[in-house]
Structures are given as C-alpha cells and as structure tokens.
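Working notes, beginning with the structure itself.
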Amino acid sequence: MKLPQTENPQRYVGLYVVDFGQTTSIGFTADEVAELLESEKFSGIKVYRIYNAYPDGKMELRAVTAETFQMEMGMFFAAADQQTAKKDFDRLITIAVTNTPPGRAKVQMSQMSDGRFLTALIYPAEYNDQFSQWLLDADYKTSGTAYGGLSVLQEYNDTVSQVIERHQLFGKTQFQNRTGDQLLTSVGLAVQR
C-alpha cells in the first residue's frame, strides 16, 4: 500500500486511510468509514487509523477491523446508592461541557436487576482509547468499582432493570462528515481533506 503525499501530515492524525485495493485514500473520518463499510460495494476495503504523522510524510498506522465500526463499548461505574450514581452521572455530563468528548456517546444512570446502581458511558468501540484518555485527562473518579469492555456492555444490556436518567454526548467535529452521494463521489480522491 502506497500512501498519497500530503502537505501537512500531522493534520491527518486521528483520521483514516482506506485501501480500496487498486487505490488508497487518506483523510476519512470514522463516520465516513462506517458508511463505506455498510455499502456492499466497499465491504472488502482495508482500514487503518493514523496514530502519528511526521513532517517527512511518514505515518504510523494501525489496522482497524470492519467489525469495530459496528460495535459499541462501555465503561461502567458502580455506586453504593442512587445518590452516588447521580453524582457520577452529573460529573460525566459536566466534564463533557468543559472538555468535549472525542466522539458521540450515551451516558445512562441505571438500576440493575440485582438492585445495584451504575453510571454507564457507551460509545463506538473505535473510540475506546480516546474515551479512556478523555476520562484520565479530566481526572474522573468514582466512589465505586469501574470496569468496561464489550462483554460487560452485553451483560449490562441483559441485566439493566431501569434506565433512570440518560444524556447524549456529542464529540469534537474538527471535520464535517460527508454522507451519501457526497461521500461516494469523493472516494476516488487520494487525499480527502
């Protein structure tokens, strides 16, 4: 795979390279890649996230599976009671106001079928590293146990008794996502942005 030349490689960190087989394009957003993967025409593409870029044009890439764009992941914060869960929930919302999250996410305060209270942060799996760093940067702490992952999200969905409160978070939008025909007509371009 040969990457196209770019004028400012650091600008592309966090975006994606898509290998279409015959051609390679650089500069897709996660939402754009997800839309391409949903199309039968592009179901066989290979996707790489740009993790680092250097002034000479070299880039550090990490392969991302198509399944990752279809999954959600979660972090869960246990609380001793509903009041503590409410504080955890409110703290997450406050952090999102002062420090925009890296992507869209759902925050839920829930009571589980066994009586426990949890605050859940649910987001696209592709953003796992970024959400972890976002919480670390904000020094987010809870009074109870914190855990997460794909299997834990499934367990949560299977055992949640009642979602008491919910809030939608929206992520940073450095680049506007293209959709539909607008996205499809740009596929042939080597550099997307």
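The values are calculated or read from the model by the stated rules, or taken from the named source; none is laboratory data. None of the values given here were measured: they were computed from a predicted structure. Here the Cβ positions follow ideal geometry from the backbone for every residue, glycine too, while neighbour counts run over all protein chains shown.
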Report task. Please state which of the following conditions Arg166 fails to meet, knowing it meets all the rest: (1) closer than 21 Å to Ala79 by Cβ; (2) part of a helix (DSSP H, G or I); (3) not aliphatic (A, V, I, L, M). Result -> (2)
Report task. Could you tell me whether the stretch 18-26 includes any residue that is closer than 24 Å to Gln154 by Cβ and either within 21 Å of the chain's Cα centre (by Cα) or surrounded by fewer than 21 Cβ atoms within 10 Å (Cβ to Cβ) (or both)? Result -> no
Report task. Scan the stretch 91-122 residue by residue and report those that are surrounded by fewer than 22 Cβ atoms within 10 Å (Cβ to Cβ), assigned to a helix (DSSP H, G or I) and of a type in the set (A, V, I, L, M, F, W, C). Result -> Ile93, Ile95, Ala96, Val97
Query raised in the report: Quick check: is even one residue across the stretch 169-185 among the charged types (D, E, K, R), touching a residue at least 24 places away in the same chain (Cβ under 8 Å) and outside any loop (DSSP other than H, G, I, E, B)?
Result: no
**Report entry** Some residue of the stretch 123-144 being at pLDDT below 90, surrounded by 14 or more Cβ atoms within 10 Å (Cβ to Cβ), hydrophobic (A, V, I, L, M, F, W, C) and outside the structural domain of Val64 (by TED's automatic domain parsing)
**Finding:** yes
Query raised in the report: Any idea which residue in the stretch 158-193 is surrounded by the most Cβ atoms within 10 Å (Cβ to Cβ), counting only those that are under 19 Å from the mean Cα position of the chain (by Cα) and modelled with pLDDT of 90 or more?
Result: Leu169
Query raised in the report: Within the set of pairs 6 or more residues apart or between chains, which connect a residue that is without any contact (Cβ under 8 Å) to a residue 60 or more places away in the chain inside the stretch 100-112 to a residue that is part of a strand (DSSP E or B) and acidic (Asp, Glu) with Cβ atoms less than 7 Å apart?
Result: Met109/Glu165
Query raised in the report: Within the stretch 100-115, which residues are within 12 Å of Phe76 (Cα to Cα) and among the basic types (Lys, Arg)?
Result: Lys106
Query raised in the report: Among the residues of the stretch 52-80 satisfying the criterion of being closer than 30 Å to Gln111 by Cα and exposed (fewer than 12 other Cβ atoms within 10 Å of the Cβ), which is farthest from the chain's Cα centre (by Cα)?
Result: Ala80
Query raised in the report: Which one of these is outside the structural domain of Leu121 (by TED's automatic domain parsing), in a strand (DSSP E or B) and out of contact with any Leu (no Cβ under 9 Å at 6 or more places or on another chain): Ala34, Ala63?
Result: Ala63
Query raised in the report: When residues of the stretch 1-52 are filtered for being among the acidic types (Asp, Glu), at pLDDT below 90 and more than 22 Å from Tyr123 (Cβ to Cβ), how many remain?
Result: 2
